[in-house]
């Protein structure tokens with residue numbers, strides 16, 4: 001009864017697809033979230049009769065399996081927050097954040113909820129961090145570096161510009177540049193590994209990542225006072241949920257019918 005195992009395989013794949021859909025819907029209002037999709041593919045086949053002259057081969061399949069779970073990196077719109085240190089990347093690119101578990105590594109995110117926090121050893125020096133308290137990297141020439149501002153309290157109206165430069169007004173009323181936020185240019189963003197907390201990690205499939213200034217060399221500029229919304233399409237997710245449910249029901253029906261057939265077979269002895 002190969003169809004029994006095909007039905008079981010179908011139940012597993014549709015359950016996985018429903019798990020992906022459920023996670024998307026749960027994150028419909030998560031800033032910077034990128035939706036995922038699950039795709040199916042057929043499994044291996046048993047050849048019951050090889051091809052011969054004038055006859056095609058006969059093959060029986062064993063159901064379906066998960067082909068891939070892809071992250072959809074389509075750019076979403078932004079939600080206005082009117083907060084001067086919130087930034088939305090209008091185009092390609094990611095913010096670069098210090099990995100809290102490994103200081104020699106970095107993580108990437110599309111969520112630009114930024115703020116300045118005082119250094120634990122020097123209260124007059126403030127460091128640019130994200131909403132999780134991890135340092136957001138800036139550019140020092142062509143290299144990554146923490147964005148630190150000495151005597152931060154001497155500046156007012158600190159904000160992020162469309163070019164990624166952080167400015168503030170000093171005690172004399174002059175506008176000073178306090179740092180430049182780095183934007184990562186990732187050749188294959190769909191190859192990034194999801195880490196939770198809106199973070200991604202570079203792996204082998206992402207390609208060579210370069211760090212640029214906002215609005216230059218293929219990366220997007222900043223829209224300040226805004227955060228990127230989730231790119232989940234609720235209408236599409238609900239449609240996918242219905243098809244996944246019907247697919248699950250159909251595969252469960254296969255198992256029920258096979259069970260009835262096996263019952264008839266057992267009853268032949270009576």
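What follows draws every value from the coordinates through simple rules; no lab data is involved. All values reported here derive from a predicted model rather than from experimental measurement. Backbone-built Cβ (ideal geometry, glycine too); neighbour counts: all protein chains shown.
Inter-label distance, residue 125 to residue 176: 1.5 nm, where each label sits 7 Å from its Cα along the C-beta direction. Relative contact order of the stretch 78-228, taken over Cα pairs closer than 8 Å and 6 or more residues apart, is 32 percent.
Kindly express, to the nearest 10 degrees and within the range 0 to 90, the angle between helix 234-267's C-alpha long axis and the longest C-alpha principal axis of the chain. With both axes taken from Cα atoms, the answer is about 30 degrees. Structure remark: mean-square fluctuation, Gaussian network model of the chain, C-alpha springs under 10 Å; the largest value among 142, 182, 50 belongs to 50.
Running a GNM on the chain with Cα contacts under 10 Å, which residue among 147, 160, 257 ends up with the highest mean-square fluctuation? Comparing 147, 160, 257 in a Gaussian network model of the chain, the most mobile one is 257. Calculated [222 nm] ellipticity per residue, helices only, for the chain: -8000 deg cm²/dmol; basis is -39500 (n - 2.57) per DSSP H run with n ≥ 4, divided by all residues, nearest 500. Between residue 163 and residue 2, the modelled label-to-label distance comes to 6.6 nm, taking each label 7 Å out from Cα in the direction of the beta carbon. Largest GNM mean-square fluctuation across 173, 215, 133, computed for the chain with C-alpha springs under 10 Å, falls on 173. Computed over the stretch 1-78, the alpha-carbon pair-distance distribution with 5 angstrom bins reads 3, 13, 17, 15, 12, 11, 9, 7, 5, 4, 3, 1, 0, each value a whole percent.
Maximal additional length on extending the residue 265-residue 238 stretch stands at 5.6 nm, based on 0.36 nm per residue less the C-alpha distance. Counting only Cα atoms, the size of the chain along its three principal axes is 100, 39, 33 Å, in decreasing order. To the nearest ten degrees, helix 2-26 and the longest principal axis of the Cα atoms of the chain are 20 degrees apart.
Calculated on the alpha-carbon coordinates, the convex hull of the stretch 1-131 measures out at 204 cubic angstrom per residue.
Could you tell me how many cubic angstrom of Cα convex hull volume the stretch 210-270 has per residue? Enclosed volume per residue, from the Cα hull, is 158 Å³. Of the peptides 39-45, 135-141, the order by per-residue mean of other Cβ atoms within 10 Å, starting with the highest, comes out as 135-141, 39-45. With q set to 0.10, 0.16, 0.19, 0.21 Å⁻¹, the log10 of I(q)/I(0) for the stretch 78-228, from the Debye formula over equal scatterers at the Cα positions, is -0.33, -0.84, -1.18, -1.42.
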